[in-house]
Amino acid sequence: MADVWHNGLLALRLLAQNHALGGLVLRARAGPVREAFLQAAEERLGPITKLHPAMTDETLLGGIDLAATLASGEVVLKQGLLQANSRILLAMAERASPAFTARLTRHLDQYGGPMILCDEGATLEEFAPDALSDRLAFHVDLTDVSLSDISRRPAGHADKNNTDQIVDPSTQIVEIAQHFGIDSLRAPSFALVAAKAHAALSGRDTVVSGDIGAACALVYAHRATLIPDSPPPPSQKSESDIGQTQQSQDRLPDDLVLEAVKAMLPDDLLDRVAAAKARGGKGSGSGALQRGNRRGRPLPARAGRRDNARIDLMATLRTAVPWQTIRRRDTGTDRLHVRASDIRNRQFAAKTDRLLIFAVDASGSAALARLAEAKGAVELLLAQAYSRRDHVALISFRGDAAQTLLPPTRSIVQTKRRLAGLPGGGGTPLAAGLDAALLQALTARRKGITPTICLLTDGRANIARDGTANRQQAAADATQSAAQIRAAGIEALVIDTGHRPAEALRTLAQTLSAPYLPLPRANAERLSRAVQTALAD
């Protein structure tokens, strides 16, 4: 872990050398290690302006100083925290809203860095906004770093003493990015700037091989999406290769750069990639965002007067102040003139509760195993329901109908009682299960709860909606039910519990516009983890 600390300090030195690198994402929980790193950042970068995701546009961008304006009779403006030369530190970056993120990305695009994002997420599904982190060159993860690691000397790298001059490093930097599956266009640019900054730290004007290895390791390690194989050993040169000898001497061997980046790859790289793919644009996975004028997180005031609206007095006065000179001249009075067009209303945003509806296939010989898995998964998810504000419901379908075994609840005691003995066996009325889940979801939505359907089945529908044993009609009914769920705008997740992935169930997931997860013989813990990852809780 000492290497992680010293690599983080190296990233700070490179950032201080060239602000075009944007900044870094610091993943660490509050503690002495993080405070020591932030102190080192302030020593190298200078005074830092601290931001919080709950700050308003007026605080960030500035506006009218109402008290000074009313006192002087003239419009007095005050500056916001985002200035051209600001050094920004954003605390709890994983909680930044899209609007807040847009303000910071605009600031980065217009003025550049440096900017530090403090990512305090407890799990892989809690992360700093991609729009911001992609604009920052470095990522420092101090999660496993202790105070004793800070004073240790870093381990040396094999290519550190290599001083062969690189004539044109840009081509090699792009090729290395391809090896690690990096599709960001900013990453190679950052790596090239970092290599030049690394050379400048050593007092050189030219980039050498050691600069390339250090830059690629710092910029690419956290962006990698795959672990490449080592390049094959070079074959014997033929006469046609003689003309390429000089070009090969101008490159650092790819295997050295690959090993340098591999040494800094996070241990949970594959888990991070899987989590990112499962999220796949589904959003944060939390409840829907509802706006109102009573409770929740404050939002910027909006124009227009409505019935039962709460007037934002300060925002209304700020809107009216610039017009006072004209209005006093028109009316001939020195009073404060506030018109209907100046009225601004308060508005708040609050996330609703979420309901996870488990629709479980209880048919066939493997029904008892699937029900046991669902029971364990529901109990594991309920253990975190209070912190995630989730409710859970359970629907079982078998024979020729579906049955709601567990209505929406957050009670663990009630859940265990209802799940004590669940029946199984019979046909697979998949359409009936989807219809019951849709009805439960629509009922929850009317109550202000955001529903998500989790379907657990092997996909072998053989009972039609009218109760007859007809596989072809059963498949058509299930497709129709899935289309209705999608038309209603309800999120869903399809988990294939069969021994082999079923193409019919994959097609059904596409109809639902839902992620498809084949999990044969999955236990309750793996099932629960898959649901949490796919929904990005």
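Here are the numbers for this structure:
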| item | result |
| --- | --- |
| Solvent-accessible area per residue for segment 2-145 (1.4 angstrom probe, square angstrom) | 44 |
| In order through segment 131-146: 3J(HN,Hα) via Karplus (6.51 cos²θ - 1.76 cosθ + 1.60), integer Hz, x for Gly, Pro | 4, 8, 5, 5, 8, 10, 6, 10, 9, 10, 10, 9, 4, 9, 8, 10 |
| Bridge type composition, segment 2-145 - antiparallel percent by DSSP, nearest 5 | 15 |
| Order of exposure, largest accessible area first, which applies to W323, W5 with probe 1.4 Å | W323, W5 |
| Residue order for V208, V338 - accessible surface, 1.4 angstrom probe, largest first | V338, V208 |
| Largest to smallest accessible area among V4, V392 [probe 1.4 Å] | V4, V392 |
| Potential lengthening between E43 and R506 on full extension [0.36 nm per residue; Cα-Cα distance subtracted] | 161.2 nm |
| Segment 1-113, accessible surface, carbon-and-sulfur percent (1.4 angstrom probe) | 51 |
| For K196, solvent-accessible area (1.4 Å; no DNA, RNA or ligand), Å² | 120 |
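The values are calculated or read from the model by the stated rules, or taken from the named source; none is laboratory data. Note that the coordinates shown come from a computational prediction; the quantities given were computed from them, not determined experimentally. SASA here: full protein model, heavy atoms, side chains in, ligands and nucleic acids out. Shrake-Rupley method; radii C 1.70, N 1.55, O 1.52, S 1.80 Å.
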